[in-house]
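**Q** Here it is, the structure in full.
Read-outs throughout are calculated quantities, based only on the coordinates presented, and are distinct from any laboratory measurement. The structure presented is a predicted model; accordingly, all values stated were derived computationally and were not measured. Cβ atoms come from the backbone with ideal geometry, glycine included; neighbour counts cover every protein chain shown.
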Amino acid sequence: MELKRALNLFDIFCIASGAMISSGLFILPGLAFARAGPAVIISYFLAGILSLAGMLSIAEMTTAMPRAGGDCFAIMRSMGPAVGTVAGLLSWFSLAMKSAFALIGMSLFVILLVDIDIHIVAMAFCLFFVAVNYVGIKEAGKTQVALVVGLFALMCLYVVAGFPHVQAQRFVPFAPKGFGAVLSNTGFVFVSYAGLLKIASIAEEIQNPKRNIPLGMIVSLFVVSIFYAAMVFVTAGVLDPDVLSKSVTPISDGASVIMGQFGFVALGIAAILAFLSTANAGIMTAARSLVPLSRDGLLPVFLGSINRRFHTPHYALIVTGIFVIISFFLRLEVLVEAASVVLIMTNILACISVIILRESRLQNYQPSFRVPLYPWVQIIGMVCLGLLIFEMGYEALIISAVLILSGLFMYWFFTRIRANREYALLHVIERITARELTDYSLETELKEIIRERDEIVKDRFDHIIEQAPILDIDRRITVEELFELAVNELSGRLKVERSYLLNKLMLREKESSTALMPGIAIPHVITEGSHAFEILLVRCGPGIVFAPDKKDVHAVFILVGTRDERHFHLQALSAFAQVVQDPDFERKWLGAKSKESLRDLVLLGKRVRH
């Protein structure tokens with residue numbers, strides 16, 4: 001049972017934005033201000049910049065492999081099941097903790113209005129969102145859109161009404177505890193941008209993923225960064241430093257100064273909307289982080305089960321909901337720090353994975369979005385994010401070590417025996433050592449993902465190419481020698497005499513050369529009989545001499561069919577003409593690792609399908 005593609009670009013924007021704008025804005029500014037003073041604005045700004053490297057890397061991998069659990073699925077296919085198990089659990093842990101953090105934050109606001117135990121409120125909303133997500137991704141997406149539209153409206157009101165009340169003297173001194181505190185604080189507030197990664201977890205349910213995933217991530221980061229900066233600036237400019245540093249409801253307190261009781265209530269409602277949207281998005285996406293681990297046999301099979309009626313990962317949702325409820329009983333600072341550390345580590349793994357996937361030179365790794373300035377974006381991102389964890393102190397390092405060791409422990413003792421998937425790192429090692437370590441299974445999987453991503457429906461040409469014989473010639477030959485080899489492959493399949501077919505090919509070549517493009521030839525003839533059509537794919541690295549005065553040919557596609565197949569004959573010629581229009585086709589053809597790689601170049605080539 002497959003997950004259903006039901007989310008459009010606006011849904012994606014709302015899921016990512018709503019996931020980011022919650023506790024990171026409505027609770028953290030007070031705690032972060034106490035650590036760094038007014039320079040907390042710089043901490044938020046730096047956290048946004050540092051999240052770029054991981055976000056762009058995940059966007060690239062997810063457009064190449066739009067699967068449930070996006071980032072951990074891609075990391076598994078890049079670095080293997082051991083690291084993939086760690087990454088999947090880290091992603092799930094981060095998203096679930098972010099939801100727990102949001103629900104606890106929301107409860108802090110609810111108890112201002114109703115005298116009720118904070119844990120009861122949080123558990124009630126957790127169960128509600130598990131139920132909404134159980135029913136379907138579209139229903140959860142609609143809930144998210146409604147929450148986020150209301151949230152942005154109230155945030156705009158706060159910024160517009162608050163700017164005139166900002167007092168410049170409240171920003172002096174700007175960084176009373178030094179730049180080190182600002183850096184440490186950057187790691188502390190990094191969790192504020194966790195929503196960006198949630199898009200990758202629902203990649204399998206996004207319409208037109210190769211466009212909507214990177215665009216949704218980039219737009220969300222840009223818009224949310226502006227709102228973070230504006231709202232933290234207004235809050236620091238209107239509240240007394242002593243009040244702000246002790247506040248767990250800083251935005252609502254700022255609104256009270258700006259607009260009185262109405263402002264306090266309005267931004268309290270905005271906070272509740274933000275917490276609800278984050279909790280909804282977190283539960284929605286955390287559950288899907290378990291799906292690829294289950295599908296690969298790294299977690300129990302039932303966690304990857306998809307509900308037949310609602311097309312949702314129902315068991316993964318239930319397990320996630322239980323973990324979120326357990327998390328309610330941790331201290332708030334521990335929740336924040338744990339979620340931030342895990343998020344930073346996930347970003348680092350994403351950067352490493354892109355480098356491995358690029359350097360593996362997998363032919364079917366074909367992202368529709370590529371990170372610019374590769375590999376410098378990834379290298380700078382990894383160094384800065386690594387320093388950020390160290391700046392956060394020993395607690396962050398302990399959390400990191402415990403989570404990594406837990407993931408490795410689970411892999412080694414429970415899933416290692418079942419882990420037999422090929423991954424990109426093997427291709428990198430293969431390149432370096434010149435040893436055969438791979439069996440083409442990863443290329444095959446990526447090919448099927450591309451077909452699904454691009455909604456490619458196989459036509460007759462595809463089916464013939466899948467069964468077509470392939471010649472990979474390692475010496476320079478003449479066209480006559482080529483045709484001798486070709487008839488050996490085709491005469492039996494077509495049930496015609498070798499001499500007859502050879503004569504047909506030679507006569508056709510004498511009429512006019514079939515080497516129509518530099519380095520590429522498409523010989524094609526019509527034979528006796530009925531209902532027969534065959535294609536032969538040929539690569540010759542040293543070159544085939546079609547004519548003394550022409551460039552040697554390296555790619556040849558021989559088409560042979562009966563007269564009643566004339567219409568399809570023309571379609572096949574048109575298909576090859578479109579496929580070879582790729583300016584890099586000849587380079588890719590010569591660089592393909594195997595016969596199956598040659599076949600894939602034709603199967604995945606851009607053309608009109610009939």
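**Q** Looking only at the chain, where both bridge partners belong to it, what percent of the DSSP beta bridges are antiparallel (to the nearest 5)? It would help to have the intermediate numbers written out before the result.
**A** On the way: 10 of 23 bridges.
In the chain, approximately 45 percent of DSSP beta bridges are antiparallel ones.
**Q** Please name which of 128, 343, 272 has its Cα lying farthest along the dipole of the chain towards the positive end, using unit charges on Cβ (Lys, Arg +1; Asp, Glu -1) and the Cα centre as origin.
**A** Positive-end residue among those listed: 128.
**Q** So, one more: Could you point to the label whose value was computed as P(r) over Cα pairs in 20 Å bins from 0, in percent for the structure here, given [x] 19, 43, 24, 11, 2; [y] 16, 48, 32, 4, 0; [z] 14, 27, 23, 18, 9, 5, 2, 0?
**A** Checked against the structure: label [x].
**Q** Considering only DSSP beta bridges with both partners in segment 458-603, what is the antiparallel share in %, to the nearest 5?
**A** Roughly 45 percent of the DSSP beta bridges within segment 458-603 come out antiparallel.
**Q** May I pose another question? Between segment 218-254 and segment 17-81, what is the separation of their alpha carbon centroids in Å?
**A** One Cα centre to the other: 18 Å.
**Q** Using a 7 Å offset from the Cα along the Cα-to-Cβ direction at both residue 588 and residue 517, what is the distance between the two label points in nm, to one decimal?
**A** 1.1 nm
**Q** Okay, next question. How far is it, in nm, from the label point at residue 395 to the one at residue 246 when both lie 7 Å from their Cα along the line to the Cβ?
**A** Once both label points are built, they end up 2.0 nm from each other.
**Q** Another question, if that's okay. Helix-only estimate, please: 222 nm mean residue ellipticity of the chain, summing -39500 (n - 2.57) across DSSP H runs of length 4 or more and dividing by its residues, to the nearest 500.
**A** Calculated mean residue ellipticity at 222 nm is -22000 deg cm²/dmol.
**Q** Could you give the size of the charge dipole of segment 458-603 about its Cα centre, using +1 on the Cβ of each K and R and -1 on the Cβ of each D and E, expressed in debye and rounded to the nearest 20?
**A** On the way: 20 positive and 23 negative charges, 6 e Å.
Its charge dipole is roughly 40 debye.
**Q** Under the 0.36 nm per residue contour assumption, what length would be gained going from the current alpha-carbon distance of residue 159 and residue 488 to full extension?
**A** That pair, residue 159 and residue 488, stretches by 110.8 nm at full extension.
**Q** Also: Grab the beta carbon distance between residue 497 and residue 475, set R0 = 35 Å, and tell me the FRET efficiency rounded to 0.05.
**A** According to the calculation, E is roughly 0.80.
**Q** On to the next question. How much length is gained if the chain between residue 374 and residue 441 is pulled fully straight, taking 0.36 nm per residue apart and subtracting their Cα-Cα distance, in nm to one decimal?
**A** Difference between extended and current length: 21.5 nm.
**Q** Take the Cα atoms of segment 454-511, build their convex hull, and give its volume per residue in Å³.
**A** Residue-normalised Cα hull volume stands at 136 Å³.
**Q** Assuming a viscosity of 1.002 mPa s and a temperature of 20 °C, what translational diffusion coefficient in µm² per second does Stokes-Einstein assign to segment 196-254, Rh being the Kirkwood radius over Cα pairs?
**A** 155 µm²/s
**Q** If contacts are Cα pairs under 8 angstrom and at least 6 residues apart, what is the relative contact order of the chain in percent?
**A** Answer for the chain is 21 percent.
**Q** Using a basic spin-label model with each label point 7 Å from the Cα along Cα→Cβ, how many nm lie between residue 432 and residue 405?
**A** About 2.7 nm separates the two model spin labels.
**Q** With contacts defined as alpha carbon pairs under 8 Å and 6 or more residues apart, what's the relative contact order of segment 458-603 in percent? Walk me through the numbers on the way to the answer.
**A** Details: 216 pairs, mean separation 39.8, N = 146.
So the answer I get is 27 percent.
**Q** Moving to a separate point now. Mind pulling the per residue volume of the convex hull built on the Cα atoms of segment 457-580? Å³ is fine.
**A** Spread over its residues, the Cα hull of segment 457-580 gives 103 Å³ apiece.
**Q** Sorted from fewest to most neighbouring beta carbons within 10 Å, what does the list 374, 193, 44, 394 look like?
**A** By the 10 Å Cβ count, ascending: 394, 374, 44, 193.
**Q** Of the listed pairs 210/447; 458/606; 447/593; 447/606; 550/606; 551/606, which have alpha-carbon separations greater than 19 Å here?
**A** 550/606; 551/606, as the Cα separations exceed 19 Å there.
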